[in-house]
Amino acid sequence: MPQLPSGFARTVEPRVRTLIGALVLGLSVFGFSSALAAEVETDSATEAMKGTIDQALKVLRDESLKAPDRSQKRVEILENIIGKRFDYQEMGKRTLGQHWQKMSEADREEFVRLFQRFLSKTYAGRVEGYSDEQVQYLKERRKGDFAEVQTAVAGAKSTIAIHYRMLKRANTWKVYDVVLDGVSLVKNFRSQFGRIIESESVEGLLKKLRVKTERTQS
């Protein structure tokens, strides 16, 4: 029986993965914090992404949020910051590919909600080992309202390439895919979720995600 994907989180060394988990996959499930600064509109996808990452790094380096009793608060703040930069609907649509068109609107909405929570609960808490890796902004590729911001996370032992694929909607740049050392998050989950749908059904995938998100909440 096909299982929910787990290999993506193991594609880089654990120390670097903690930062990537926070910056790339800390998807918001709590709503936006009123304490966060309003997003500044910019024509540069790189500047938009840099603003989000800089906010996340500031939280990770905040000594007042490193106490054990503040860890959940820190995760919530990170989820809110990074969550503002992701287009969950577009990510869900691209992740399910052809299966998306066959789903009811209710199933689509539930999938996006569950997928968002699954990613958040799987990755957003992996921040305790953060150790001042440096984010380098290498190049921006642009075609119309689509862009790819190419970055690298440089640690003491290795450098990890992270490319953010983004689209512009209402003068705001949103992430719809992340490519980590050549591995696309969307394609990775599309392949594995697709196998579950084909061997079982859309409801079978939703059921697995319900169970997985309930388990990670405990």
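The values are calculated or read from the model by the stated rules, or taken from the named source; none is laboratory data. In this text the structure is predicted, and so the values were computed from the model without any measurement. Glycine also receives a Cβ, built like all others from the backbone with ideal geometry; neighbour counts cover every protein chain displayed.
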- Does LEU119 count as modelled with pLDDT under 85, assigned to a helix (DSSP H, G or I) and within 25 Å of LEU96 (Cα to Cα)? yes
- Message: So in the range 122-142, with the set limited to residues that are of a type in the set (Gly, Ala, Ser) and either buried (at least 19 other Cβ atoms within 10 Å of the Cβ) or part of a strand (DSSP E or B) (or both), which one is modelled with the highest pLDDT?
- Response: ALA124
- Query: So which residues in the range 143-197 are at pLDDT 95 or above, part of a strand (DSSP E or B), touching a His at 6+ places or on another chain (Cβ under 8 Å) and not acidic (Asp, Glu)?
  - Reply: VAL149, GLN150
- Message: Can you go through ALA56, ALA37, ALA48 and tell me which one is of a type in the set (A, V, I, L, M), modelled with pLDDT of 50 or more and under 17 Å from THR172 (Cβ atoms)?
- Response: ALA48
- Message: Among the residues that make up the range 173-185, is at least one of them closer than 29 Å to ASP54 by Cα, free of Cβ contacts under 8 Å to residues at least 40 places away in the same chain and crowded, with 17+ Cβ neighbours inside 10 Å?
- Response: yes
- Residues of the range 90-112 satisfying the condition of being in a helix (DSSP H, G or I) and either under 26 Å from LEU57 (Cα atoms) or without any contact (Cβ under 8 Å) to a residue 60 or more places away in the chain (or both): GLU90, MET91, GLY92, LYS93, GLN98, TRP100, GLN101, GLU105, ALA106, ARG108, GLU109, VAL112
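Under the condition of being of a type in the set (Ser, Thr, Tyr) and either surrounded by fewer than 17 Cβ atoms within 10 Å (Cβ to Cβ) or farther than 16 Å from LYS174 by Cα (or both), which residue from the range 60-89 is modelled with the highest pLDDT?
Checked the range 60-89; the qualifying residue modelled with the highest pLDDT is SER64.
Being at positive phi and in contact (Cβ under 8 Å) with a residue 12 or more places away in the chain is the filter here; which residues of the range 133-172 pass it? Break it down stepwise before answering.
Residues of the range 133-172 that are at positive phi, as a first pass: 144, 170-171.
Correct list: ASN171 only.
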- Within the range 3-12, can one find any residue that is at pLDDT below 80, over 15 Å from the mean Cα position of the chain (by Cα), of a type in the set (S, T, N, Q) and within 25 Å of GLU214 (Cβ to Cβ)? yes
